[in-house]
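Below you'll find the structure, written out as structure tokens, and then a few comments.
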Amino acid sequence: MLEQTVHEPPSVTDGGPAGPAAPREGGEGPRRGPGHDPARFGLWAFLGTVAMLFMGFTSAYLVRRESLDWRPLAPPALLWVNTAVLAASSAALEAARRALRGWSLGGARRWLGVTGFLGGGFLLGQVGAWRLLRGQGVFLASNPHSSFFYMLTGVHAAHLLGGLIWFAVAWWRLRRLALTPGTDALGLFATYWHFLGVLWLYLLVLLFVV
């Protein structure tokens, strides 16, 4: 209900959970490239490392799939619901970014809260999918495909849990007016969150389509 108007925005912007300052995207002054901003460079370096990790998993998966003991795993229907929830969380985050750039702090808080709520829902849905498989007698060591499914979705969930920690920090800073309205102060967090969404789609294709 209350929309704060800040006449002189504070200079602190949103970095990661450790608190590095993010570039003032959309703010005053020249935009700095990734090589000139330590927070952005560090984030992309980390995402590159995560991408290489999953490329390694992919290579092992494709080789192991040719074995005679490979038995394809039917995807639980709950996975498609989880996918829709994660996509909706990305849309909510974009709405929060637009609200913050438009100086609507209340709107930014609401949409960012929706982002975190849906992200938590995705994690709970993943736990539900794992429990469904266990109820069907499909465990980590049941066959190679189930082993890769649990491992890949588990590693992805661990990274998304880290994203929820970042969300909590960003939301707390937004409530304390520590993010700069009129700028894209949620840009770094959005880069990480959208990366996880794209990574999840990649895993679905790898596990059940390719």
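Scan region 57-69 for residues that are closer than 23 Å to L201 by Cβ and assigned to a loop (DSSP other than H, G, I, E, B) and the total you get is 1. Counting the residues of region 87-105 that are surrounded by fewer than 23 Cβ atoms within 10 Å (Cβ to Cβ) and farther than 11 Å from P181 by Cα gives 7. Can you tell me which residues in region 143-157 are small (G, A, S) and under 18 Å from A60 (Cβ atoms)? Of everything in region 143-157, those that are small (G, A, S) and under 18 Å from A60 (Cβ atoms) turn out to be S146, S147, G154.
Are there any pairs with C-beta distances below 8 angstrom linking a residue in region 35-55 that is charged (D, E, K, R) to a residue that is open to solvent by less than 40 Å² (accessible area, probe 1.4 Å) and outside any helix (DSSP H, G or I), with the two at least 6 apart or on different chains, and if so which? Every condition considered, the pairs that remain are D37/A22; D37/P23; R40/A22; R40/P23. A168 meets all of the listed conditions (1) at pLDDT below 95; (2) closer than 19 Å to G116 by Cβ but one, namely (1). Given the criteria over 30 Å from R71 (Cβ atoms) and either out of contact with any strand residue (DSSP E or B) (no Cβ under 7 Å at 6 or more places or on another chain) or open to solvent by 10 Å² or more (accessible area, probe 1.4 Å) (or both), does S146 qualify? For S146, the condition - over 30 Å from R71 (Cβ atoms) and either out of contact with any strand residue (DSSP E or B) (no Cβ under 7 Å at 6 or more places or on another chain) or open to solvent by 10 Å² or more (accessible area, probe 1.4 Å) (or both) - is not met. Determine whether region 46-63 contains at least one residue that is at pLDDT below 95, open to solvent by 70 Å² or more (accessible area, probe 1.4 Å) and not charged (D, E, K, R). The answer is no, given that none of the residues of region 46-63 is at pLDDT below 95, open to solvent by 70 Å² or more (accessible area, probe 1.4 Å) and not charged (D, E, K, R). Can you confirm whether F117 is aromatic (F, W, Y) and more than 22 Å from V50 (Cβ to Cβ)? Considered against the rule, which asks whether it is aromatic (F, W, Y) and more than 22 Å from V50 (Cβ to Cβ), F117 comes out as yes.
Working only within region 125-156, note down all residues that are within 16 Å of A74 (Cβ to Cβ) and outside any helix (DSSP H, G or I). Once the filter is applied, which keeps residues that are within 16 Å of A74 (Cβ to Cβ) and outside any helix (DSSP H, G or I), region 125-156 yields Q136, G137, V138, F139, S142, N143.
Within region 154-175, residues that are touching a residue at least 12 places away in the same chain (Cβ under 8 Å) and farther than 17 Å from G107 by Cα sit with their Cβ atoms under 6 Å from residues that are of a type in the set (S, T, N, Q) and surrounded by 18 or more Cβ atoms within 10 Å (Cβ to Cβ), at 6+ positions apart or across chains, in these pairs: A157/Q126. Looking at region 64-80 only, could you name the residues that are hydrophobic (A, V, I, L, M, F, W, C) and surrounded by fewer than 15 Cβ atoms within 10 Å (Cβ to Cβ)? L68, W70, A74, A77, W80 - these are the residues of region 64-80 that are hydrophobic (A, V, I, L, M, F, W, C) and surrounded by fewer than 15 Cβ atoms within 10 Å (Cβ to Cβ).
Filter region 157-210 down to the residues that are part of a loop (DSSP other than H, G, I, E, B) and surrounded by fewer than 18 Cβ atoms within 10 Å (Cβ to Cβ) and list them by number. Walk me through it before giving the result.
So the first thing to find is which residues in region 157-210 are part of a loop (DSSP other than H, G, I, E, B), and the list is 176-186, 209-210.
Hits for region 157-210 are R176, L177, A178, G182, V209, V210.
The values are calculated or read from the model by the stated rules, or taken from the named source; none is laboratory data. Remember, predicted model here, so these are calculated numbers, not experimental data. In this analysis, Cβ positions are derived from the backbone assuming ideal geometry, glycine residues included, and neighbour counts consider all displayed protein chains. Side chains are part of the model used for accessible areas, which takes the heavy atoms of the whole protein and leaves out ligands, DNA and RNA. Shrake-Rupley method; radii C 1.70, N 1.55, O 1.52, S 1.80 Å.
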